[in-house]
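See below for the structure under consideration.
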Amino acid sequence: MHLFPPAIVDLAAATTDRLLLPGMAARGIEAAILRLDQIHPVVSGNKWFKLKYHLQEALKDHYRSLVTFGGAYSNHIVATAYTARETGLSCTGIIRGEAPVVLSHTLRDAMAYGMQLQFVSRDNYTTISNSCHEQFPGHYYIPEGGAGSLGEKGCYEIMELVPDKESYTHILCAIGTATMFLGLVNSTGSHQQVIGIPVLKGMEQLMEQRKVRIHPGRFAHCRLFHDYHFGGYAKKNNQLFTFMNHFYEQTGIPTDFVYTGKLLFAVNDLVNRDYFPPGSRLLVIHSGGLQGNLSLPLKTLRF
Ligand SMILES: *Cc1c(COP(=O)(O)O)cnc(C)c1O
């Protein structure tokens, strides 16, 4: 069984590197960043962890094809397309919104990896995803973004990549569906706080909804900051781009404007607001997603 799914990514490339931002040393704070973005050029970051048990299930139950859901710039869509191909499964991507005249980079790549795309209106999107089993009989269904318990299970393994993982006081990650966040919350110790930065607007109810999925006793050890979404999902402005360019110049680390750029902006801001007490050791999860930057006008970013 351990042969499934085939080793598509290189987990040894997920190094934990020192991260030094201005203001940290003076406050007695140390930080490191887990480079999940380095495990694969396409199946970037957390998407591998969210997909692997789905792929294993699909293979175990002898499915030949997958169906999943996402938007036109979705990291999940392109990662699913690639891993399906590598696993020998065919796949269909249900894409939210009418077919555009010019396909996004993400969708062109997904098609090149063999994904069949079906565009559906926003209204039908929800209907179809709710009745997916009837609409796509014989297909293994992966929820949008790889969310759900199998995705979470894969994300339990993220912390295993971190040497000396017990030494960190705060673990910080970006939140879309919160699957990775829940995986981290449920796989860390009670001396560690997990901080999530939602990249969507209006996720204040999220913790309430997800409460049932948090292990008893871990609830007090997690926290969300809702002020770093820059207006909503994939919303952006010059302040964010300036920060991302600056961060790259300081550290040599590229970030994406949908998730990790907002996360690092938040980390930097929380440091400067003295959120972390002296002696804190932060671990920032770089969850990948750099392909999303291809949708930006040329020269927006200096990397
Ligand atoms: C999908 C994604 C996330 C969000 O993960 P969730 O488990 O949906 O919260 C964070 N960062 C990157 C780069 C992503 O592609």
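When the residues of the range 157-182 are filtered to those that are farther than 24 Å from PRO277 by Cα and among the small types (Gly, Ala, Ser), which remaining residue is farthest from the ligand (Cβ to nearest atom)? Only one residue fits best here, namely ALA178. The residue that is farthest from ALA32 (Cα to Cα), counting only those in the range 258-274 that are touching a residue at least 24 places away in the same chain (Cβ under 8 Å) and open to solvent by 10 Å² or more (accessible area, probe 1.4 Å), is VAL258. Filtered by the rule that a residue be more than 10 Å from the ligand (Cβ to nearest atom) and under 16 Å from VAL43 (Cα atoms), the range 137-153 gives a lone residue, ILE142. A Cβ distance below 7 Å, combined with a sequence gap of six or more or placement on separate chains, defines the contacts here; from the range 112-131, residues that are modelled with pLDDT under 95 reach residues that are open to solvent by 80 Å² or more (accessible area, probe 1.4 Å) in the pairs SER121/GLU98; ILE128/GLN135.
Just one residue in the set VAL194, VAL162, VAL185, VAL212 is among the β-branched types (Val, Ile, Thr) and surrounded by fewer than 17 Cβ atoms within 10 Å (Cβ to Cβ); that residue is VAL212. Note on the range 275-292: among residues that are crowded, with 23+ Cβ neighbours inside 10 Å and on the phi > 0 side of the Ramachandran plot, the one that is farthest from the ligand (Cβ to nearest atom) is GLY288. When TRP48 is tested against (1) part of a loop (DSSP other than H, G, I, E, B); (2) buried (at least 21 other Cβ atoms within 10 Å of the Cβ), just one condition goes unmet, and that condition is (1).
In the range 61-78, what residues are open to solvent by less than 20 Å² (accessible area, probe 1.4 Å) and in contact (Cβ under 8 Å) with a residue 40 or more places away in the chain?
Answer for the range 61-78, where residues must be open to solvent by less than 20 Å² (accessible area, probe 1.4 Å) and in contact (Cβ under 8 Å) with a residue 40 or more places away in the chain: SER65, LEU66, VAL67, THR68, PHE69, GLY70, SER74, HIS76, VAL78.
The values are calculated or read from the model by the stated rules, or taken from the named source; none is laboratory data. The shown structure was predicted, so the numbers you read here are calculated from the model rather than taken from an experiment. Counting neighbours? That spans all protein chains shown, and the Cβs are built from the backbone with ideal geometry, glycine included. Surface accessibility is based on the protein's heavy atoms, side chains included, excluding ligands, DNA and RNA. Shrake-Rupley method; radii C 1.70, N 1.55, O 1.52, S 1.80 Å.
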